[in-house]
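Visitor: This is the structure I have questions about; it appears just below.
Nothing in this text is a laboratory measurement; each read-out follows from the coordinates by a stated rule. None of these values were measured; they are calculated from a predicted model. Ideal geometry is used to build each Cβ from the backbone, glycine not excepted, and the neighbour counts take in all protein chains shown.
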Amino acid sequence: MATRVPDLPSDYTGRVAALVHHGIALWDVLAAATRSGSLDAAIGNDAIPNNFRAFFHAQPNIRLVCFNGATAAKLYKRYVLPTLSDRQHSIARQTLPSTSGAHARLTFSEKAVRWSVIWGGPVVMSTGTRVPKARER
């Protein structure tokens, strides 16, 4: 069964509203960190994770945590997992391909298929779907 990816608004507020409408939360693994340069690999050891324990407590129906790339998954494992309760620790996790332009190994269509897990199944892209440029986010 294919799932249609909803058309995405071009403005930030509209995109946030679309995520909320579909029951999707978007949150960085880290609240703060020192990073020399622009690559996630340059994140220092002073990283401070967001409080996922409190978030999961407030949102007990979370059933899947997806990561935007392998670095986010590694940071979650290193900084967040040790802070979680046993129940929270068992929430399913899936690493998805980074949406960064630096991750050009996959085409947009290939990334969309892999990211379709957040919409509940295989993806059907509408011709009107527009992906905003990084500077528009």
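Visitor: Taking Ala18, is it within 15 Å of the chain's Cα centre (by Cα) and either among the small types (Gly, Ala, Ser) or over 19 Å from Ala112 (Cα atoms) (or both)?
Guide: In short, yes.
Visitor: Name the single residue, out of those in the stretch 53-69 being touching a strand residue (DSSP E or B) at 6+ places or on another chain (Cβ under 8 Å) and surrounded by 15 or more Cβ atoms within 10 Å (Cβ to Cβ), that is farthest from Ser98 (Cα to Cα).
Guide: Here the residue is Val65.
Visitor: Name the single residue, out of those in the stretch 53-88 being of a type in the set (A, V, I, L, M) and in a strand (DSSP E or B), that is nearest to Arg35 (Cα to Cα).
Guide: The qualifying residue nearest to Arg35 (Cα to Cα) is Val65.
Visitor: May I pose another question? Is it true that some residue in the stretch 79-94 is surrounded by fewer than 16 Cβ atoms within 10 Å (Cβ to Cβ), of a type in the set (Ser, Thr, Tyr) and out of contact with any helix residue (DSSP H, G or I) (no Cβ under 9 Å at 6 or more places or on another chain)?
Guide: The answer is yes, given that some residue of the stretch 79-94 is surrounded by fewer than 16 Cβ atoms within 10 Å (Cβ to Cβ), of a type in the set (Ser, Thr, Tyr) and out of contact with any helix residue (DSSP H, G or I) (no Cβ under 9 Å at 6 or more places or on another chain).
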